[in-house]
Amino acid sequence: MTASTPASYVLRGTAAGGTLRIVGMDATQVVEDARLRHHLSKTATAALGRTLTGSVLLATVLGKRSDSRVTVRVEGDGPVGFIVAEGSVDGRVRGYVRQPDADLPLRERDGKLDVSGIVGTQGELSVTRLLDNGEPYTGSAHLVSGEIAEDISTYLGVSEQIPNAVLLGVYEEGGRVAHAGGLLIQAMPGVTDETLGKLEANIRAMGQITDNLRRGGLMEAINRATDGLNVQLAAEAQASRFECRCSREKASDSLKFFDAAERQDMIAAGGQEIVCHWCGEHYQITPDEIAALDATDTHARA
């Protein structure tokens, strides 16, 4: 099991008399943990960081239970390959990219990280969650920009029929993640055109979410987005952390998918290392532990 200090957090609230639902996340520590665990390049950090943040925001909006989680998969035609993130209503999140060392120069037009370039614009974003009956459901939408926020917003509008605005950002400085976070604002029944117009004007005026996070953190971003809309936030924040559901036992059990001869080769080699692709944790499975797997199988067949 892997865990980190729960320095990141999620804020929930409403605005405009309950006709707007607000979910915001400070994901700075979560994204920094991901960068360190997966040895990510700068642009890959931004791409995965936005997806990790988005997965938690989606889980909060789509989840029906306190333990609900969603898996977001972004598969474009860029050099990073696919991106996968799993976010939970309780704030736990994990994820990885296919090519963690993929990188691109800063964009010439504005000097920003080229997330769209590394993700690609041709491909698909899919979201998997459990329905009320416990069955998994996967919805998807074509990528529209590769910037992640716009792609998640499109998914919510097309596949979930949820009018929304999504803002995501990661800012790196001094070789580390200095600020990361996001906002998901959902239009609820009864929302007026006047409210939506005010919200759209606020979002245009606030500029990049990373600029707001740098100036005053998550509250700066929320206040700018909901200016004049009477935002009401929950009294307590939900702690969020990068945490994987892997374990030494699960790593050992994965060797059962190999045949007995292959496990004997592992024993002869002095054991087998298993690396969790979700979090980068290394598990060194000893020869005795591998032999115990065969003993268990023999006992089960007897």
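Values in this text are rule-based calculations from the coordinates and carry no lab data. Keep in mind that what you see is a predicted model, and the values were worked out from it rather than measured. Cβ atoms come from the backbone with ideal geometry, glycine included; neighbour counts cover every protein chain shown.
How high is the relative contact order of segment 248-301, in percent, with contacts defined as C-alpha pairs under 8 Å that are six or more residues apart? Intermediate results must be reported in sequence, preceding the final value.
On the way: 48 pairs, mean separation 19.6, N = 54.
Reported relative contact order: 36 percent.
Sticking to Cα atoms, compute the Rg of segment 190-302 to one decimal and its Dmax as the biggest Cα-Cα distance, whole number, in Å.
26.8, 73
For segment 248-301, state the semi-axes of the equivalent ellipsoid (square roots of 5 times the eigenvalues of the alpha-carbon gyration tensor), sorted largest first and rounded to whole angstrom.
Numbers: eigenvalues 75, 31, 16 Å².
Output for segment 248-301: semi-axes of 19, 12, 9 Å.
If each residue's Cβ is checked for other Cβ atoms within 10 Å, how do Tyr137, Tyr9 rank with the fewest at the top?
Details: Tyr137 12, Tyr9 21.
The fewest-first ordering by Cβ neighbours comes to Tyr137, Tyr9.
Place the peptides 228-240, 156-168, 72-84 in order of packing, highest mean first, counting for every residue the other Cβ atoms within 10 Å and averaging per peptide. All intermediate terms of the calculation are to be shown ahead of the outcome.
On the way: 228-240: 14.7, 156-168: 18.5, 72-84: 21.7.
Highest mean packing first, the order is 72-84, 156-168, 228-240.
Relative to the Cα centre, what is the charge dipole magnitude of segment 170-302, using +1 at the beta carbon of each Lys and Arg, -1 at the beta carbon of each Asp and Glu, and rounding to the nearest 20 debye?
Numbers: 13 positive and 21 negative charges, 93 e Å.
I would put it at about 440 debye.
Rank-order 35-41, 90-96, 169-175 by packing density, defined as the average count of other C-beta atoms within 10 Å over each peptide's residues, highest first. Let's see the in-between values first.
Details: 35-41: 19.6, 90-96: 24.6, 169-175: 17.6.
Descending mean neighbour count gives 90-96, 35-41, 169-175.
Taking the DSSP beta bridges in the chain as the whole, what percent of them are antiparallel, to the nearest 5? Write down the numbers at each step before the final one.
Values: 59 of 61 bridges.
Here the antiparallel bridges make up roughly 95 percent for the chain.
Treat every Asp and Glu Cβ in the chain as -1 and every Lys and Arg Cβ as +1, leave all other atoms uncharged, and give the resulting dipole magnitude about the Cα centre to the nearest 20 debye. Walk me through the numbers before you get to the answer.
Values: 30 positive and 41 negative charges, 137 e Å.
It works out to roughly 660 debye.
Fewest to most neighbouring Cβ within 10 Å: what's the order for Thr28, Thr192, Thr14? Please report the intermediate quantities before stating the final value.
Numbers: Thr28 24, Thr192 12, Thr14 19.
With the fewest neighbours first, Thr28, Thr192, Thr14 line up as Thr192, Thr14, Thr28.
Say the dipole of the chain comes from +1 at the beta carbon of Lys and Arg and -1 at that of Asp and Glu; which of Thr286, Val70, Pro189 then lies farthest toward its positive end?
Pro189
Let me have the relative contact order for the chain, percent, based on Cα pairs under 8 Å that are six or more residues apart. Display every interim value, and only then the final one.
On the way: 669 pairs, mean separation 70.0, N = 302.
Relative contact order, the chain: 23 percent.
Take the alpha carbon gyration tensor of the chain, find the square roots of its eigenvalues, order them as a ≥ b ≥ c, and report rounded if a/c is under 1.5; if not, report prolate when a/b exceeds b/c, else oblate.
Taking the square roots of the gyration eigenvalues as a ≥ b ≥ c, the chain is prolate.
Of Ala178, Phe242, Ala268, whose Cα points farthest to the positive end of the dipole of the chain (charges on the beta-carbon: +1 Lys, Arg; -1 Asp, Glu; origin at the Cα centre)?
Ala178
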